[in-house]
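Derivation of every value follows stated rules applied to the coordinates shown; laboratory data play no part. Everything numeric in this text was worked out from a predicted model, so none of it was measured. Glycine also receives a Cβ, built like all others from the backbone with ideal geometry; neighbour counts cover every protein chain displayed.
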Amino acid sequence: MNLETLIPPTNLRDYAKNQGWVLVKEAAKDRLCVMTNPRYQGRQLVFPMDTSAPDYSEAVMLVLDKLAAIEGRITSDVFKNVLEVGDDAIAFRVTTPQPDDRSVPLAFAGSMLAGAQQLLLASACTVLKPQVHHPRLSRTEAQQFLETARFRHTQPGSFVLNVSCPVQGLDVQAPLLPGEADAPFVRRATVKLRQSLGELVSAIETDTLDDLVAATKESDSPVLSANFCEALTRFEDSSLKNSLEIGVTWAGSIPRPSSENRTSLVRVQHDYFPRIEEIRRELRSKEEHLEDVFPGTVERLDGEMGPDGKRAGEVVLSLLTPDGEQVRARANLNADQYEQADKAHMKEGAFVKVKGKLHPGRQPRQLNDITSFELLIK
Amino acid sequence: MALMQGLSPPNIESELSHAYLHAVASRAGLSCRNGNRHEDNNGIDATLTAWLPPGDASTLTEVSINVQLKATVDAPADDGVSLSYFLREPKRYNDLRSETVAIPRILVVLFLPANEPEWLHHSPEQLILRRCAYWESLRGAPDIATTSGTTIKLPKAQVFSPEGLKQLAERLSRRAFPRYGAA
């Protein structure tokens with residue numbers, strides 16, 4: 001393992017500082033970082049300042065082992081935290097009632113990934129322009145924020161999606177020790193994510209959802225958005241009846257939010273998801289049936305062979321609404337329409353144009369009253 | 001009763017040297033951790049850690065020492081001041097003589113009796129591991145252009161004993177690194 005490139009001395013130092021270790025300045029003349037901790041009398045961490053030191057890797061491994069022993073954790077966990085010292089790390093952990101479950105449907109895993117991205121985008125958009133619904137999540141800064149986020153190794157034993165957000169990934173001009181108001185954009189987005197989640201779960205648990213919705217709609221700077229709620233619902237698989245835990249570990253390289261512990265954990269129990277969907281709909285109360293012509297792509301074919309020997313039935317489409325939102329929708333096609341859908345599904349770059357009525361609700365939504373279904377080939 | 005011989009004599013020598021290291025370090029109040037595979041590839045067989053009372057601000061209170069450990073039944077040449085040991089691996093020699101390592105390194109050589117039954121004696125009253133080990137720092141040793149190894153002089157004054165180990169740790173806490181040939 002090339003620790004020289006993975007763990008610079010400043011990262012290790014910043015992690016240790018975050019745990020209460022203090023640098024002994026006098027050791028700098030020997031090109032050593034020597035750190036002590038008033039909580040652990042007599043213990044010291046010693047590692048080179050220079051990655052070019054011939055035993056840099058060994059010295060760092062020794063420090064990681066020491067920290068693990070002192071903190072009562074395994075070295076690999078400490079290693080992970082040191083790697084992420086400059087990141088706000090968000091862990092999405094899915095738990096199911098079946099203790100022996102060793103897998104989840106692949107489609108659900110994909111949905112979780114998409115949900116995680118949407119949560120980040122929604123939170124970033126709320127930082128940029130708080131509103132109850134963001135018609136588009138494509139603001140440049142939000143997209144850039146998403147591009148800096150990293151998907152880390154998952155953890156054994158449960159289904160955990162780890163996402164790292166480098167706090168200095170965008171705001172290189174930020175002050176060295178910012179106050180909360182002046183925090184880097186990435187930090188503000190992860191704080192917003194945590195706030196939105198906290199308010200939502202708290203409202204569910206204290207049965208004050210109506211108050212939350214009213215306050216959100218009336219607020220000039222709503223913390224919560226329909227997009228955020230929708231993103232959360234993507235972490236539910238109705239067949240698994242799963243719950244979700246979202247843990248945020250704040251980057252150690254800048255002060256954490258004053259109201260937060262080093263790691264915060266919020267649990268979204270399975271029975272909360274329908275309520276979250278209700279809130280989503282409430283926040284999008286303007287959402288009505290939308291009758292229009294929608295361009296889109298064919299994502300899935302679920303039709304059946306009819307008595308006439310032709311396949312027809314359900315398909316899943318990805319449609320573009322007039323306000324630029326991408327929406328997944330189920331549609332029931334007759335045989336001729338299904339044939340067009342099949343061609344579109346098989347051909348790269350092929351789009352469809354469908355006229356129908358798009359119903360509100362969770363995705364995939366329902367597209368009914370289809371009056372035309374046309375194949376558009378590039 | 002003849003038992004299946006699981007370890008070869010060289011392996012037994014090696015295990016006894018580790019046992020010696022652990023025993024002496026423990027008696028001196030140091031912890032002893034065997035090197036992992038990565039460390040072993042870099043010539044570190046074990047890491048000792050000592051804890052010392054605080055001194056001035058630049059004094060280390062927690063000192064680690066990386067050990068390259070050897071064992072031999074060959075009778076060393078004795079010039080009255082030092083014992084000779086032939087270190088076969090040039091890479092190990094160069095690892096040990098580096099002056100810029102953050103964690104000090106020493107070579108420890110256990111000289112076992114040539115007669116195998118004399119290596120270890122056990123009775124209900126005592127456990128005796130015969131002969132002893134010596135240590136040397138190769139820090140600052142000359143660069144030697146060789147592919148076959150080099151002879152190291154281990155000072156007879158530098159017995160790897162509990163007391164000697166404590167004194168070494170105290171020196172290292174002041175960043176006073178022993179250099180090759182300075183003893």
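So for region A:256-378, taking the charge dipole from beta-carbon charges (+1 Lys/Arg, -1 Asp/Glu), which of A:HIS289, A:GLY361, A:SER264 sits furthest toward the positive end? Farthest towards the positive end: A:SER264. Normalised by the number of residues in chain A, the mean separation of alpha-carbon contacts (under 8 Å, six or more apart) gives a relative contact order of 14 percent. The alpha carbons of region B:50-144 occupy a box of 49, 40, 25 Å along the principal axes, longest dimension given first. Between A:GLU26 and B:GLU170, the simple label model (points 7 Å from Cα in the Cβ direction) yields a spacing of 1.8 nm. Remark: mean inter-chain Cβ contacts per residue of B:63-72 equal 1, using a 10 Å Cβ-Cβ cutoff to other protein chain atoms.
Can you figure out the FRET efficiency of A:GLU278 with A:GLU299, using R₀ = 22 Å and their beta-carbon distance, to the nearest 0.05? Kindly include the intermediate steps, with their values, before the conclusion.
Working: r = 26 Å, r/R0 = 1.19.
It comes out at approximately 0.25.
If you model chain A as an ellipsoid using its alpha carbon gyration tensor, with each semi-axis the square root of five times an eigenvalue, the axes come out at 47, 23, 19 Å, biggest first. Taken over region A:1-53, the convex hull of the Cα atoms encloses 84 Å³ per residue.
I need the Kirkwood Rh of region A:41-114: take the reciprocal of the average 1/r across all distinct C-alpha pairs and report it in angstrom.
15.8 Å
Given A:LEU45, A:ALA107, A:ALA89, which one lies farthest toward the positive end of the charge dipole of region A:1-109, if we put +1 on the Cβ of every Lys and Arg and -1 on the Cβ of every Asp and Glu? Positive-end residue among those listed: A:LEU45.
Averaged over peptide B:91-99, how many Cβ atoms belonging to another chain are found within 10 Å of each residue's Cβ? Walk me through the numbers on the way to the answer.
Values: counts 0, 0, 0, 1, 2, 0, 0, 3, 1.
Taking all residues of B:91-99 together, the mean is 1.
With +1 on each Lys and Arg Cβ and -1 on each Asp and Glu Cβ, how big is the dipole of chain A about its Cα centre, in debye rounded to the nearest 20?
Values: 45 positive and 53 negative charges, 140 e Å.
For this selection, approximately 680 debye.
Whole-percent P(r), chain B, all Cα pairs, 5 Å bins from 0: 1, 7, 16, 20, 21, 16, 9, 5, 2, 1, 0, 0, 0.
Of the listed peptides A:58-69, B:135-146, A:272-283, B:69-80, what is their order by residue-averaged count of other C-beta atoms within 10 Å, with the highest listed first?
On the way: A:58-69: 21.4, B:135-146: 16.2, A:272-283: 19.5, B:69-80: 14.4.
So the order, starting with the most tightly packed, is A:58-69, A:272-283, B:135-146, B:69-80.
Per residue, the average separation of C-alpha pairs within less than 8 Å and at least 6 apart gives region A:1-59 a relative contact order of 31 percent. In the protein assembly as shown, a dipole from Cβ-located charges (positive for Lys and Arg, negative for Asp and Glu) runs towards its positive end, and of A:GLN118, B:SER84, A:MET346 it is B:SER84 whose Cα lies farthest in that direction.
Compute the long axis of helix A:9-18 from its Cα atoms, compare it with the longest principal axis of the Cα atoms of chain A, and write down the angle in degrees, 0 to 90, nearest 10. Rounded to the nearest ten degrees, it is 90.
Grab the beta carbon distance between A:ARG311 and B:ARG130, set R0 = 60 Å, and tell me the FRET efficiency rounded to 0.05.
0.10
Is it possible to state the helix-based mean residue ellipticity at 222 nm for chain B, with each DSSP H run of 4+ residues giving -39500 (n - 2.57), the sum divided by total residues, to the nearest 500 deg cm²/dmol? What is it?
Details: 4 runs with 44 residues, N = 183.
It comes out at -7500 deg cm²/dmol, rounded to the nearest 500.
Counting only Cβ charges, +1 for Lys and Arg and -1 for Asp and Glu, the dipole size of region A:286-378 around its Cα centre is about 180 debye. Mean projected area of the Cα convex hull of region A:314-374, taken over all directions, amounts to 4.0 nm². Taking every alpha-carbon pair under 8 Å whose residues sit at least 6 apart, region B:35-183 reaches a relative contact order of 26 percent. If R0 equals 30 Å, the separation of the Cβ atoms of B:LEU7 and B:THR147 corresponds to a calculated FRET efficiency of about 0.50.
How about B:LYS166: which lysines have a C-alpha closer than 28 Å to its C-alpha, ignoring those fewer than 8 places off in the same chain? Correct list for B:LYS166: A:LYS25, A:LYS29, A:LYS66, B:LYS70, B:LYS153, B:LYS156. With contributions of -39500 (n - 2.57) from each DSSP H run of at least four residues, the per-residue ellipticity at 222 nm computed over chain A stands at -11000 deg cm²/dmol. A simple spin-label model places pseudo-atoms 7 Å from Cα toward Cβ; at B:SER31 and B:PHE86 they are separated by 3.9 nm.
Among the DSSP beta bridges whose two residues both lie in the protein assembly as shown, what percent are antiparallel, rounded to the nearest 5? DSSP beta bridges in the protein assembly as shown are roughly 90 percent antiparallel. Charge dipole (Cα centre; +1 on Lys/Arg Cβ, -1 on Asp/Glu Cβ; no other charges) of region B:54-155 amounts to roughly 240 debye.
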